[in-house]
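Asks: This structure is in structure tokens; I'll ask about it shortly.
The values are calculated or read from the model by the stated rules, or taken from the named source; none is laboratory data. Not measured: the values here are computed from a predicted model. Cβ sites come from the backbone with ideal geometry, for glycine too, and all protein chains shown count toward neighbours.
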Amino acid sequence: MDHRRFAEPLTLRGLEISNRLWMSPMCQYSAGGDGVPTNWHLVHYCSRAVGGAGMIMVESTAVGPKHRTTNHDLGLWDAAQVDGHKALAAQIKSFGSVAAVQLNSAGRKSSHMVPGVQGGQNTAVSVDDGGWVPLAPSARPFGNLAVPAEMTAADIDDVVDAFAAAAGNARDAGYDVVEVHAAHGYLLHQFLSPVSNGRKDEHGGTLENRMRLPLRVCQAVREAFPQDKPVFVRLTATDWVEGGITLEESTVFAQRLAGLGIDLLDVTSGALAVDAPPPNEPALNLEFAEVLKEAAGIAVAPVGQLSDPELLGNIFASSTVDAVIVGRALLRDPYFALRLATGQPKDRWPLQYHRAL
């Protein structure tokens, strides 16, 4: 198994990332109603930094109160949240990883229960019970969740402003990277896909129209974040549903993102419709990432079903992708990245653990 490329640093703008296995943003639903990081977040993320992941991407973080999926999501819209993220980002970096954060608006996937509680993310939380009315491109609900309100022109402008403000807050919190979430059925993905976007104005219909808001958001985030630090976009390669986004459309979107100065595409697929789950295949999005890299000419990193060490070794040995973004394997084992590395264990494991080697 060849892990030489895994250990190679990658430089994007003025940032050097020590290796090419990074932690995917995975919601913990462990914040209070204030959206401030807690001790759980400090332990959870810093454990993976100690465990050798070159980048720690903090979970989907809302750009405003009504952009959350639940009332236990992290946020980056006020000063108390910025202070909490400062502590989290500083701790991640103190253990040798790059501190990154994903910014998101949930759209029609908003105001649901925490997974594992009373039906979880398939159960809506009403306004009377502390929820809110979701905003979306069209009044098309996601599964059993509340019917969203179709966004007005003012709502659309507010989303752009909220993402830009959150990017500035991420800068102030000390994050080295921000990622715009434009996939997994959340708001920007909802605008991109004809399945969820039935608008008849300049934000619906043609691909050019459907890209309009996502591109405005990405441009605003790129302008609000320091020019010597990279901005990523998580995008979907396909919706896995008839009438949804195709790889051809994703290729056009990727090329437009490259033109805005986006530095890396975090490539995924699916999760737009409840009845169209992505296939259960190892390295599901690897080939999509390779296609988008060639088309857009910028760095890419696939995510999804990347848990097998032998598979990862083959990717690092032969694929054109620049990094891999690992999720569930790092939930199961905080030290997954350290176990992949070759050479003498004492050269890579923390000194405090050497007695176990």
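Asks: Inspect all residues belonging to the stretch 100-114 and state whether any of them is among the small types (Gly, Ala, Ser), surrounded by fewer than 19 Cβ atoms within 10 Å (Cβ to Cβ) and either without any contact (Cβ under 8 Å) to a residue 12 or more places away in the chain or over 24 Å from residue 146 (Cα atoms) (or both).
Replies: no
Asks: Test residue 66 against the stated conditions and say whether it is under 21 Å from residue 125 (Cβ atoms), among the basic types (Lys, Arg) and either out of contact with any Phe, Trp or Tyr (no Cβ under 9 Å at 6 or more places or on another chain) or modelled with pLDDT of 95 or more (or both).
Replies: Here the answer is yes, as residue 66 does meet what is asked.
Asks: Filter the stretch 86-118 for residues that are in a loop (DSSP other than H, G, I, E, B) and hydrophobic (A, V, I, L, M, F, W, C) and give the result.
Replies: Answer for the stretch 86-118, where residues must be in a loop (DSSP other than H, G, I, E, B) and hydrophobic (A, V, I, L, M, F, W, C): 95, 106, 113, 114, 117.
Asks: Pairs needed: first member in the stretch 152-175, on the phi > 0 side of the Ramachandran plot; second member anywhere, among the charged types (D, E, K, R); C-beta distance under 9 Å; at least 6 residues apart or different chains.
Replies: Pairs that qualify, where the first residue is on the phi > 0 side of the Ramachandran plot and the partner is among the charged types (D, E, K, R), are 174/86; 174/93.
Condition check ((1) within 25 Å of residue 139 (Cβ to Cβ); (2) of a type in the set (Lys, Arg)) across all residues:
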| residue | (1), (2) |
| --- | --- |
| 65 | yes, no |
| 71 | yes, no |
| 74 | no, no |
| 83 | no, no |
| 93 | no, yes |
| 97 | no, no |
| 101 | no, no |
| 110 | yes, no |
| 113 | yes, no |
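Asks: Separate question: Go through the stretch 228-252 and report how many residues are out of contact with any Cys (no Cβ under 7 Å at 6 or more places or on another chain) and surrounded by 24 or more Cβ atoms within 10 Å (Cβ to Cβ).
Replies: Within the stretch 228-252, residues that are out of contact with any Cys (no Cβ under 7 Å at 6 or more places or on another chain) and surrounded by 24 or more Cβ atoms within 10 Å (Cβ to Cβ) number 10.
Asks: Cβ-Cβ below 6 Å, separation at least six or inter-chain, first residue in the stretch 16-40 and more than 19 Å from residue 300 (Cα to Cα), second of a type in the set (Lys, Arg) and in a loop (DSSP other than H, G, I, E, B): which pairs?
Replies: none
Asks: Taking residue 157 as the residue in question, decide whether it is exposed (fewer than 14 other Cβ atoms within 10 Å of the Cβ) and not small (Gly, Ala, Ser).
Replies: For residue 157, the condition - exposed (fewer than 14 other Cβ atoms within 10 Å of the Cβ) and not small (Gly, Ala, Ser) - is met.
Asks: Here is a follow-up. If you go through the stretch 215-249, how many residues are touching a strand residue (DSSP E or B) at 6+ places or on another chain (Cβ under 8 Å), in a helix (DSSP H, G or I) and over 11 Å from residue 261 (Cα atoms)?
Replies: Qualifying residue count for the region: 1.
Asks: Here is a further query. If we scan the stretch 144-159, do we find a residue that is in a helix (DSSP H, G or I) and within 29 Å of residue 23 (Cβ to Cβ)?
Replies: yes
Asks: OK, next. With respect to the numbered conditions (1) in contact with a strand residue (DSSP E or B) (Cβ under 6 Å, 6 or more places away or on another chain); (2) of a type in the set (Val, Ile, Thr); (3) at pLDDT below 95, which one is the sole condition not fulfilled by residue 300?
Replies: (3)
Asks: Can you pull out the residues in the stretch 6-58 that are surrounded by fewer than 20 Cβ atoms within 10 Å (Cβ to Cβ), modelled with pLDDT under 95 and closer than 19 Å to residue 319 by Cα?
Replies: 7, 8
Asks: Answer with yes or no whether residue 92 is under 23 Å from residue 334 (Cα atoms) and in contact with a Lys or Arg (Cβ under 7 Å, 6 or more places away or on another chain).
Replies: Judged against the criteria, residue 92 is not a match.
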